[in-house]
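Heads up: the structure comes next, in C-alpha cells.
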Amino acid sequence: MDIAEVLTLADELIFAKTGKHLDYVQEAILRGTLQDTTYTQIAQEVYSSPSHVRNVGSQLWKILSKALKKNITKNNFRTVLEKASFYNYQLAIVENVTGENITVNHNVNICHEKARSPTSPQNAQPTAKQPRIDLDDAPEISTFFDRTSELSTLKQWILENRTRLISILGLSGSGKSAIALQLIQHIQYEFDCIIWRSLRDAPPLQTLETDLIQFCRGSAPVPAPEERATTGGLPLQYLRSHRCLIILDDVQTIFSSGQLAGNYKPGYENYGAFFKQIIESCHNSCLILLSWEKPREIAALESHQKNCQTLQLNGLGEPAREIFIEKGLLESENWSKLIDIYRGNPLWLNIVAAAIQDLFSGNIYEFLSYDSLVLGDLEYLLHQHFQRLSDSEKQVMSWLANQNKAVEISKKPAILELSASEFLKAVESLRRRLLIEKVQKGDRTLFQIQPAIAEYIKTNIK
C-alpha cells in the first residue's frame, strides 16, 4: 500500500473537516503508524516530546473518525486500511468548515484519483520545495521536550514578521540547540538553503563567510576575499537571491572572557558589523544565533525594530517530569521542588536526577535533606559560565549569593568596592548572561540568582 496515497486521502479529509492541511507532526504520525513506529520514535523524528506527539495523534484519530464515521485509532488504523474500508468508500461525504457537504472521493479508490476539493486539481498548491540542508555541525539530540509556545513565537517572527536576525539565549543545557532543530522541522520548506555552523572553535569571520557562500552557491566558485570586502562581508545578493536559514551555535565563544557581556575577542569585532548588516539590509533570509550571552549590537538594535528579536529560553515546567520518569525517581510529589531549584534546565535536571538515582536509589527526600545543594557534575558547567565573568560581575554575584531573598539595586551596596556606574553595568551585563533573575513584586523590581548558582559561588568562591 502506497503511503503517499494514504497521506493524500488523509489530507483531503483533514482539510474538509478543519480547513487546514496535514501538518508535519500529523504526517509523521500517519507514516509512523503505517510502519509500526511508536509515538516515542515518532517524537524523536520530529524533534518533539512523546506526550506532545501522543496528544496530536489523539486529535488526529478523532478528526478522521468523524470524517469517516468510523472509530479510528492508532491501533486499528493499519487494520482498517488492510480491509480497504478506510479508502474504498463509494462516496464519502463530510461537512467542511463552511458547513457545506463536499465529496472527498468519486470512485472506488479515491487515492488513485484525487478528490475535487477547493484546492485540487485546478487550484492545487505547488509541491513543497526541497531545501538544501547542511546540519553537519548540529549536535545529536536524543530527547526533545514540548516547547509549543516558544516554537509558535519563533515561527511567527520568521514566517509572518520576516525577522532577519533572532538570538536564542539560554544557559548551558537549557535546550537552545534542541528547539532550533525542532524549528527546522516546522519551517524547512519555506527556505532554499538551511545551514548550521558551530562557532565553538571561534573561526574568523572570513572563514565562516567562505563556508556559507560556498554552500549558498553550490558548485559555483567562491568570490575572492577582496571581492567580498567591497560589499562589507558576506555578499547580500546570496541572501536576497536565495531564502537562507543560517544557524550559528556557540556564539559566546567569539566574546572575550573577563569583560562585560557581548565584548568581542580581539580580531573578531567584524562579527558585530556582520550581525548589524544582516539586521539593517533588505533581504528575505534569517540568521539565528544560539548563545549564552547577547551581542552588544543586538541589545542596542532590538529595542526599536522588528528585524531583530531575542528569545530567552527559560526552563521546562511540567514536561521536565519526563526526565524523572525516565530516571526512575520516586516521590513524584517532590518533582516540582527539583524543577524549581534547578529552574527546569533539562541538562541540569538530567545530571541531578542521575545523581539521585545513583547515590540515593531514586529517593529525592534524602537528596534534599542535605544542608546544602549537591551539585556534582553540575559544578563543571557552572564553572564555564563563571570563568567568563569580569571582576565587577564576580563581586556582584558573590554579594547576591549571600542574600537570603531577592533584593533591590536602587542603591549600590556599601560592601562592594565598585562605583555606582560599575555596579549597574555589572548588573546589566549579568542580566544579558541570564545569570541573575528579575522578580517583580508590585511596583518593586528585585533581583536574585538561582539556588544552584548561589551554591556554586558559596562553595567555590572564597
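The values are calculated or read from the model by the stated rules, or taken from the named source; none is laboratory data. Remember, predicted model here, so these are calculated numbers, not experimental data. Using ideal geometry, Cβ is built from the backbone for each residue, glycine included, and neighbour counts are taken over all protein chains shown.
Here are the numbers for the structure shown:
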| quantity | calculated |
| --- | --- |
| Cβ pairs under 7 Å, 6+ apart, first in region 287-298 and in the same structural domain as LYS276 (by TED's automatic domain parsing) and farther than 20 Å from ARG162 by Cβ, second hydroxyl-bearing (Ser, Thr, Tyr) and outside any loop (DSSP other than H, G, I, E, B) | LEU290/SER177; SER291/SER167; LYS294/SER167; LYS294/THR310 |
| Matching option when the condition is modelled with pLDDT under 80, in a helix (DSSP H, G or I) and under 24 Å from LEU316 (Cβ atoms), among GLN59, GLN44 | GLN44 |
| Per-region count, region 432-462, residues assigned to a loop (DSSP other than H, G, I, E, B), within 19 Å of SER392 (Cα to Cα) and over 23 Å from the mean Cα position of the chain (by Cα) | 3 |
| Candidates ILE187, ILE213, ILE168 - the one that is touching a strand residue (DSSP E or B) at 6+ places or on another chain (Cβ under 7 Å) and either surrounded by 16 or more Cβ atoms within 10 Å (Cβ to Cβ) or at pLDDT 90 or above (or both) | ILE168 |
| Pairs, first in contact (Cβ under 8 Å) with a residue 12 or more places away in the chain and in a helix (DSSP H, G or I) in region 166-185, second buried (at least 20 other Cβ atoms within 10 Å of the Cβ) and among the acidic types (Asp, Glu), C-beta under 8 Å, six or more apart | LYS176/ASP249; SER177/ASP249; ALA180/ASP249 |
| Identity of the residue in region 419-435, of a type in the set (D, E, K, R) and closer than 16 Å to PRO295 by Cα, that ends up surrounded by the most Cβ atoms within 10 Å (Cβ to Cβ) | ARG433 |
| Helices (runs of 4 or more DSSP H) completely within region 229-332 that count 1 or more residues being out of contact with any Pro (no Cβ under 7 Å at 6 or more places or on another chain), surrounded by 18 or more Cβ atoms within 10 Å (Cβ to Cβ) and at pLDDT 85 or above | 270-280, 321-327 |
| Single residue of region 433-462 satisfying the filter (over 26 Å from VAL251 (Cβ atoms) and among the charged types (D, E, K, R)) that is modelled with the highest pLDDT | GLU455 |
| Filter result (outside any helix (DSSP H, G or I) and over 24 Å from ALA178 (Cβ atoms)) within region 23-41 | GLN35, ASP36 |
| Subset of region 380-418 [in a helix (DSSP H, G or I), within 31 Å of the chain's Cα centre (by Cα) and surrounded by 15 or more Cβ atoms within 10 Å (Cβ to Cβ)] | LEU381, LEU382, HIS385, PHE386, GLU393, LYS394, VAL396, MET397, LEU400, ALA401 |
| Candidates ALA138, ALA115, filtered to the one that is buried (at least 17 other Cβ atoms within 10 Å of the Cβ), at pLDDT below 75 and part of a loop (DSSP other than H, G, I, E, B) | ALA115 |
| Which listed residue, of LEU359, LEU349, is loosely packed, with under 15 Cβ neighbours inside 10 Å and not in a loop (DSSP other than H, G, I, E, B) | LEU359 |
| Residues satisfying the stated conditions in region 397-408, i.e. free of Cβ contacts under 8 Å to residues at least 40 places away in the same chain and under 18 Å from LEU260 (Cα atoms) | TRP399 |
| Residue that is nearest to CYS308 (Cα to Cα), among those in region 147-165 that are of a type in the set (D, E, K, R) and buried (at least 22 other Cβ atoms within 10 Å of the Cβ) | ARG164 |
